[in-house]
Amino acid sequence: AQTVTQSQPEMSVQEAETVTLSCTYDTSESDYYLFWYKQPPSRQMILVIRQEAYKQQNATENRFSVNFQKAAKSFSLKISDSQLGDAAMYFCAYRGKNTGNQFYFGTGTSLTVIP
Amino acid sequence: DAMVIQNPRYQVTQFGKPVTLSCSQTLNHNVMYWYQQKSSQAPKLLFHYYDKDFNNEADTPDNFQSRRPNTSFCFLDIRSPGLGDAAMYLCATSRAGGPSYEQYFGPGTRLTVT
């Protein structure tokens, strides 16, 4: 089964600074999708960014970007110009393209933004 | 706006008293999921439907059941809630076969068992 590992249970960043959250995964599949989800306290889980494994170019969404290293099975999230509203739990998730509809989640990283 | 809706947002039930949580979606997605999430933990998949095909996780207790009467609705039934079942229950949807593969989550139902 696929596994997703987030080795940083907690991270903190100064407002306006940059922070990188780590994620590694294990799979034998060649085609898959990777996601970062954000879950603010007591609020809805929302998609931050997604990456398709067959695309070499790293995905970016405004202040959010990823560093996707397929050979290393690494998928880190960089948040630039951190804002107070970025404080949340961040979950890394994996979905195989051709092996079913399940998503595999990491254990999450709790991000604190310091004013 | 297309969305995933969960009702109720908060549910209090008594120990052993059956409870049903509901989820509806306007996204017309063919896959619907139920997750259990306890404080500061990752969501734990209970089961999912691909159209009418039910897929149960091996470690989901028999106490948890689900129904999907049509594409738009999915229900989670907890037959005899225990104190350990107190959690946030998340419904999510996705499209099998693309073009977008991400999950869309509802706001969750927080279940309290007294």
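The values are calculated or read from the model by the stated rules, or taken from the named source; none is laboratory data. Here the structure is a predicted model, which is why all the values come from computation and not from measurement. Cβ sites come from the backbone with ideal geometry, for glycine too, and all protein chains shown count toward neighbours. SASA here: full protein model, heavy atoms, side chains in, ligands and nucleic acids out. Shrake-Rupley method; radii C 1.70, N 1.55, O 1.52, S 1.80 Å.
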Return the residue satisfying two criteria in turn: it lies in region B:35-44 and is surrounded by 14 or more Cβ atoms within 10 Å (Cβ to Cβ) and among the polar types (S, T, N, Q), and of such residues it is nearest to A:Ser7 (Cα to Cα). B:Gln41
Looking only at strands (runs of 3 or more DSSP E) that fall completely inside region A:43-115, which ones have 1 or more residues that are free of Cβ contacts under 8 Å to residues at least 12 places away in the same chain and open to solvent by 50 Å² or more (accessible area, probe 1.4 Å)? A:46-52, A:64-69
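Each row is one residue, and each column tells you yes or no for (1) loosely packed, with under 13 Cβ neighbours inside 10 Å; (2) more than 30 Å from B:Gly97 (Cα to Cα); (3) of a type in the set (Asp, Glu); (4) at pLDDT 95 or above.
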site	(1), (2), (3), (4)
B:Ile5	no, no, no, yes
B:Gly16	yes, yes, no, yes
B:Leu27	no, no, no, no
B:Leu46	no, no, no, yes
B:Tyr49	no, no, no, yes
B:Asn55	no, no, no, no
Among (1) away from chain A (no Cβ under 13 Å); (2) on the phi > 0 side of the Ramachandran plot, there is one condition B:Asp77 misses while meeting the rest; what is its number? (2)
The lone exception for B:Gly97 - which of (1) crowded, with 16+ Cβ neighbours inside 10 Å; (2) of a type outside the set (S, T, N, Q); (3) modelled with pLDDT under 95 it fails: (1)
How many residues are polar (S, T, N, Q), farther than 15 Å from B:Asn30 by Cβ and within 7 Å of chain B (Cβ to nearest Cβ) when one looks only at region A:95-109? 1
Regarding B:Arg110, is this residue open to solvent by 60 Å² or more (accessible area, probe 1.4 Å), over 15 Å from A:Gln102 (Cα atoms), at the interface with chain A (Cβ under 9 Å from one of its Cβ atoms) and in contact with a Phe, Trp or Tyr (Cβ under 9 Å, 6 or more places away or on another chain)? yes
Filter region A:1-28 for residues that are open to solvent by less than 20 Å² (accessible area, probe 1.4 Å) and in a loop (DSSP other than H, G, I, E, B) and give the result. A:Gln6, A:Cys23, A:Thr27
Would you check which residues across region B:80-94 are open to solvent by 10 Å² or more (accessible area, probe 1.4 Å) and within 14 Å of another protein chain (Cβ to nearest Cβ) and list them? B:Met88
Residues of region B:78-111 satisfying the condition of being over 12 Å from B:Ile5 (Cα atoms) and of a type in the set (S, T, N, Q): B:Ser80, B:Ser94, B:Ser100, B:Gln103
